[in-house]
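Comments concern the structure below.
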Amino acid sequence: MRIIVLVVLFAMVGFPWVGGDYDVVLVSRVLCFAILALSLDLLWGYTGLLSFGHGAFFGIGAYSLGLTLKYLHFTGNAYVGILVGTIGAVIIAVVLGYFLFYGRVSGIYFGIITLALTTILFSIVNHPDAFYIAGGQNGLYGTFLKPRYGIPGIWEYQRTLTSNLANYYTTMVGFLAAFVFCHYLVRSSFGKILRAIQNNEERLEYLGYNVANLKIVIFAVACGLAGFAGSLSVPIQFIGPTVFGLIFSTSVIIWVAVGGRGTLLGPAIGALVVTYVESWLSTQFASLWVLFLGTFFILVIVFQPDGIMGLQRRWRTRRLTTGAVMNHSILSTAQDPKEIQDVVRSLGNKKSQ
Amino acid sequence: MSSVALEIKNLSKRFGGLQAIDHVNLTFKPWELRCLIGPNGAGKTTLFNLITGRIKPNEGRILFEGKDITRLKPHEISRLGIARKFQVPTVFDDLTILENLGIAAGGRQSVRSIVFSRWNETSVLNRVREIMDMVHLSGRGDQLAATLSHGEKQWLEIGMVLAYRPRIMLLDEPTAGMSPSETMETSHIIRTISQNVTTVVIEHDIKFLREIAENVTVLHRGAIIAEGTFEEIENIALVREVYLGKRG
């Protein structure tokens, strides 16, 4: 396992020297998307809350950094922008989460309200009155200075659209940090409780857990991470109203589903695969590619609902399960045929109740 | 400790035109083991739902050790020490037996300590091991709850209620779907664990009741029609008619 991790790390660090310019830019973008997909997976895959508007928080992060760079020119403003983006997303998530989770909004209604949030933000940045601030349709393209990272005032480097290496390595570090963070989060006691929320939140409530508060915490964490991803994407990705669009938020769901929800590698792999397929299809078919992508998504949901990671898991557990199911079946405790009949009968009663 | 663990005063609940609970008065003494019986639709589970705050009554009050809990939220009521087992075994399928019990044992922590702590401290683990022995799941801590049989899930959920260290346990049909031998085993488990916890059990199984029941309360159409030991209850004509009689 350790060897695989080292190989992957080595491949990630060495990639820009092997890959062409186009691929380096694309992978940089994928790394930002992967953080976003990870954050949605914390909500959807681990806690069972499907947000249809997760792109909103990515957009909040991107606009926060973009606007900070546009209006506030001081040393270290890039860091302040990222912080504003992340914390801003957290605050909005806490406020929204408070009303949603204490109001017992769940399932599809949670999805609809998050979708509404994206739509609201879309209209705000697109509004004529906000044109001079947010740039309307044109977004923030070309209106801000490039973000400077490194050690403010002492050693800095600039990220521009063409500085591929700087972009790649900054997002890579951001992605690895986010991945390690999520890795420890899902393995902590809090992570177990997230799974418990997905399994049966009522059971948890009757064990004294304040489920609404726990949901607010994970919603805030996931949205903060999405905001962070948005900030990181600033020079590589066009910051415009499209981040608040329906297509973008849907894409995030597709990445997670294709990769495999409830795993950490899945969303990252999903973002990579889908972004590549998308870019390949769009060069082959000028307008039909969206159709193919949609078909691909439907096929995944129908035939491989656990995504790419599910293939690996299925292969690994096939041998184990067939035996285990027989061993632990309800009949294993019954000794004679009459007792088995009793069991079957009482199960029948159970169903009819 | 006060001399009354749980007191239900003049409690009523209507669902539309149906009087599910009809002016019920009930008192549970500390460390008592009480069985709640009655035909389907008598209001047994509704009573549990009212006590645990899942639904709110139209009338009446519920007092836990003298404190009015009628209007509290479910998790607030649970935090006071009232734990319940659901009718359909309800465990966390994607977690292991150990994790299920660990979550139950850590139930009264604040959100902050959940986020920043780890629960597998030795004190919790020792207690969880003890409980696994009690409910016949010892040595299987790393098994996923989803792979357990129906009866074993019932036991796991009883174990979870126990790990929570409740002052009152409400067990809704703990032997539903069990084989006769599992039912007997369950009655032993409940006898053991109810020694120092107030325990209320909803049951249908007559054999189980004979085995276990000290005090029985019979509910019919939302009202209490009889109270007493199992032998006393068995001999009341009305009870035979509405409940026992049907089963012969």
> Could you give me the ³J(HN,Hα) list for region A:30-36, computed from phi with Karplus coefficients 6.51, -1.76, 1.60 and θ = phi - 60°, whole Hz, x at Gly and Pro?
Replying inline: 4, 4, 5, 4, 5, 4, 4
> Is the protein assembly as shown best put as rounded, prolate or oblate by its Cα gyration tensor, with a ≥ b ≥ c the root eigenvalues, rounded for a/c under 1.5, and otherwise prolate when a/b is larger than b/c, oblate when not?
Replying inline: prolate
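Within 10 Å of each Cβ in peptide B:137-150, how many partner chain Cβ atoms are there on average? Round it to a whole number, please. Present the calculation step by step, with values, prior to reporting the outcome.
On the way: counts 0, 0, 0, 1, 0, 0, 2, 2, 1, 2, 6, 2, 9, 7.
What the average comes to for B:137-150 is 2.
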> Rounded to the nearest 500, what is chain B's calculated 222 nm mean residue ellipticity when only DSSP H runs of at least 4 contribute -39500 (n - 2.57) each, over all residues?
Replying inline: -9500 deg cm²/dmol
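Using Cβ counts within 10 Å as a stand-in for footprinting exposure, how do B:Met178, B:Met169, A:Met172 rank, fewest first?
Values: B:Met178 27, B:Met169 24, A:Met172 18.
Taking fewest neighbouring Cβ atoms as first place, the list is A:Met172, B:Met169, B:Met178.
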>> For a test of the definition: using alpha carbon positions, the gyration tensor, and the 1.5 limit on a/c, classify chain A as rounded, prolate or oblate.
In response: prolate
> Over the Cα atoms of region A:112-271, what Rg and Dmax result, in angstrom?
Replying inline: 18.8, 56
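Can you tell me how region A:190-273 classifies by the Cα gyration tensor, rounded, prolate or oblate, using a/c under 1.5 as the rounded cut? Mind showing how you got there, number by number?
Working: a/c = 2.68, a/b = 1.87, b/c = 1.43.
Prolate shape, in that a/c is at least 1.5 and a/b is the bigger ratio.
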>> I need the calculated FRET efficiency for the pair A:Arg104 and A:Thr143, taking r as the beta carbon distance and R₀ as 56 Å, to the nearest 0.05.
In response: 0.85
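Among A:Tyr63, A:Tyr71, A:Tyr168, A:Tyr276, which comes first, second and so on when ranked by fewest other beta-carbon atoms within 10 Å?
So the ranking, lowest neighbour count to highest, is A:Tyr71, A:Tyr276, A:Tyr168, A:Tyr63.
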> Among A:Cys32, A:Cys182, what is the fewest-to-most ranking by other Cβ atoms within 10 Å?
Replying inline: A:Cys182, A:Cys32
> If eta is 1.306 mPa s and T is 10 °C, what Stokes-Einstein diffusion coefficient results for region B:137-238, Kirkwood Rh from Cα pairs, in µm²/s?
Replying inline: 106
> Roughly what angle does helix A:2-18 make with the longest principal axis of chain A, taking Cα atoms, 0 to 90 degrees, to the nearest 10?
Replying inline: 30
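Note down the Stokes-Einstein diffusion coefficient of chain B in µm²/s, whole number, using a Kirkwood radius over alpha carbon pairs, 25 °C, and 0.890 mPa s.
Values: Rh = 18.7 Å.
Using the Kirkwood radius from Cα pairs, D works out to 131 µm²/s.
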> Of A:Ala268, A:Ala178, A:Ala226, which has the largest mean-square fluctuation in a 10 Å C-alpha GNM of chain A?
Replying inline: A:Ala178
> Of the residues B:Gly16, B:Gly53, B:Gly43, which exhibits the maximal mean-square fluctuation in a Gaussian network model of chain B defined by a 10 Å Cα contact cut-off?
Replying inline: B:Gly16
> Can you tell me the Rg and the Dmax, both Å, for the Cα atoms in region A:44-107?
Replying inline: 14.6, 45
>> Tell me the mean residue ellipticity at 222 nm calculated for chain A from its helices only (DSSP H runs of n ≥ 4, each -39500 (n - 2.57), averaged over every residue, nearest 500).
In response: -24500 deg cm²/dmol
> Among B:Val218, B:Val91, B:Val124, which one shows the biggest mean-square fluctuation in a GNM of chain B, springs joining Cα atoms closer than 10 Å?
Replying inline: B:Val124
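Read the figures in this text as sums done on the coordinates, not as results from a lab. If you're wondering where the values come from, they're calculated on a predicted model, not measured in any experiment. Note that each Cβ is placed from the backbone with ideal geometry, even for glycine, and that neighbours are counted across all protein chains shown.
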